[in-house]
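Before any comments, here is the structure.
What follows is calculated from the coordinates using simple rules that are stated; it is not laboratory data. Bear in mind that the values here come from a model prediction, so they are computed numbers and not experimental data. Don't worry about glycine lacking a Cβ; one is built from the backbone with ideal geometry, like all the others, and counts go over all protein chains shown.
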Amino acid sequence: MKPTLFVLAAGMGSRYGGLKQLDGLGPNGETIMDYSIFDAIRGGFGKLVFVIRKSFEEDFRSKIISKYENHIPVEVVFQELDNLPAGFKVPEGRVKPWGTNHAVLMGKDVIHEPFAVINADDFYGRDSFATLGKELSEMRGKENSYCMIGYRVGNTLSESGSVARGICETNKEGYLTGVVERTAIERIDGKIRFTDENGEIVVLDDNTPVSMNMWGFTPDYFRYSEDYFIEFLKHNMENLKSEYFIPLMVNELITTGTAKVKVLDTTSKWFGVTYAEDRQGVVDKLNALVDSGEYPEKLF
């Protein structure tokens, strides 16, 4: 059975000023998701699952899902605030979603095979899907052995300023030992650098792996996530802004020795739209990729 691509598309893109997952950026109005799904299909993925909000289901189905249905099987699941374990209810005043790993949990009833998790609004590139698809196709029947795409930090920088990235720490076998979030990473005088918590300037090699939220899991991950979500809620229920993130769950599993996460290298260059000002740069990059023959003029 081929692996599944699980697309996190429940965010409303508040900083960007709209539902950026539906923004047409390619030469024929393609979304960033269209390119990811095109790359996933040619990378060996056999099913799509989207997690969205119920409030924009109609718009999402008509504008997005209808394009893919003749190319690959598609399922939709919903992330809502009140989707909580028995015994818990949404605290008064809570409006913020429960986070990316809560979104992942929404796929537990429809995903029964190795699966990748990606953000809907990030461009990941052809090689990353080929690399992850190959790894996941060899994980059928395994448990406690996951993977992630470790982007080379030099391939994830912004032309408009500094970025925040999860710097991956690995052991000599190439397995993840931790992800440390670093802010204000930028290239200055040809060197990639950031300032650490002690005020010291740290220079990073261009090939240092960073996490861009592109993960590979087997279905047992859902079981661990359900159990840990209960613990998360016990300790964070009163914090109205607390979120149950994927790296939080992954860090729990690797620090307790429950699971291992293999860091996979990719030559792909990441880009995305965080703010409205980023839009034209993404349009230009996509047009250049089409002009070079990396993608056809019309994807679907």
In the neighbourhood of residue 76 defined by beta carbon distances under 9 Å, the net charge of the other residues (Lys, Arg +1; Asp, Glu -1) is -1
Approximate spin-label separation residue 288-residue 243, in nm, with each point projected 7 Å along Cα-to-Cβ = 2.9
Between residue 138 and residue 193, with labels modelled 7 Å along Cα→Cβ, what's the label distance in nm to one decimal, could you check?
-> 4.0
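When only DSSP loop residues count, what GluC sites (Glu not before Pro) in the stretch 255-300 have their Cβ near at most 14 other Cβ atoms within 10 Å?
On the way: sites: 277, 294, 297; in loops: 294, 297.
Passing both the DSSP loop test and the Cβ count: 294, 297.
Sort 102-112, 248-258 by the packing proxy (mean of other Cβ within 10 Å over each peptide's residues), most packed first.
Numbers: 102-112: 19.9, 248-258: 15.6.
Ranked by mean Cβ neighbours within 10 Å, highest first: 102-112, 248-258.
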From fewest to most C-beta neighbours within 10 Å, the residues 147, 168 line up as 168, 147
List the equivalent ellipsoid semi-axes of the stretch 29-188 in whole Å, largest first, each obtained as the square root of 5λ for an eigenvalue λ of the Cα gyration tensor.
-> 26, 22, 20
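Return the FRET efficiency for the residue pair residue 110, residue 203: r is the Cβ-Cβ distance, R0 is 30 Å, and the value is rounded to the nearest 0.05. Don't jump to the answer; show the numbers that get you there.
Details: r = 45 Å, r/R0 = 1.49.
It comes to 0.10.
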Which pairs, out of 262/285; 2/298; 47/134; 2/67, put more than 18 Å between their alpha-carbon atoms?
-> 262/285; 2/298; 2/67
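Taking 0.36 nm per residue of sequence separation and subtracting the Cα-Cα distance, how much length would be gained by fully extending the chain between residue 96 and residue 297, in nm to one decimal?
On the way: separation 201, 0.36 × 201 = 72.36 nm, distance 3.83 nm.
Gain on extension, residue 96 to residue 297, equals 68.5 nm.
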In nm, to one decimal, how far is the modelled label at residue 158 from the one at residue 78, with both set 7 Å along Cα→Cβ?
-> 3.3
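Just for the chain, what percent of DSSP beta bridges are antiparallel, to the closest 5?
55
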As straight-line cross-link partners of residue 89, the qualifying lysines (C-alpha separation under 27 Å, not fewer than 8 residues apart within one chain) are 54, 108, 234, 241
Shape box of the stretch 167-215 [Cα atoms, principal axes, largest first, Å] = 31, 23, 22
P(r), alpha carbons of the stretch 119-194 - 5 Å bins starting at zero, rounded % = 3, 11, 19, 21, 21, 14, 6, 3, 1, 0
For the charge dipole of the chain, defined by +1 on Lys and Arg C-beta atoms and -1 on Asp and Glu C-beta atoms about the Cα centroid, which residue among 27, 83, 192 has the Cα displaced farthest towards the positive pole?
-> 83
Using every alpha carbon pair in the stretch 244-300, what percent of pairs falls into each 5 Å bin from 0 up to the bin containing the largest distance?
-> 4, 13, 14, 14, 13, 12, 11, 11, 7, 1
Relative to the compact-globule estimate 2.2 N^0.38 Å (N residues), the Cα gyration radius of the chain stands at a ratio of 0.98
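Which of the peptides 196-206, 127-137, 279-289, 31-41 is most tightly packed, and how do the rest follow, going by the mean number of other Cβ atoms within 10 Å of each residue?
Numbers: 196-206: 10.1, 127-137: 21.5, 279-289: 14.8, 31-41: 23.8.
Answer by packing, highest mean first, reads 31-41, 127-137, 279-289, 196-206.
Where the eigenvalues come from the Cα gyration tensor of the stretch 167-300, what are the semi-axes √(5λ) of the equivalent ellipsoid, largest first, in whole Å?
Values: eigenvalues 191, 98, 66 Å².
Largest first, the stretch 167-300 gives 31, 22, 18 Å.
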Using Cα pairs under 8 angstrom and six or more residues apart, how large is the relative contact order of the stretch 1-103, in percent?
-> 29
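I'd like to know how the stretch 1-112 sits against the 2.2 N^0.38 Å rule of thumb: what's its Cα Rg over that expected value? Could the numbers behind the result be given before it?
On the way: Rg = 15.0 Å, N = 112, 2.2 N^0.38 = 13.2 Å.
Normalised by 2.2 N^0.38 Å, the Cα Rg of the stretch 1-112 equals 1.14.
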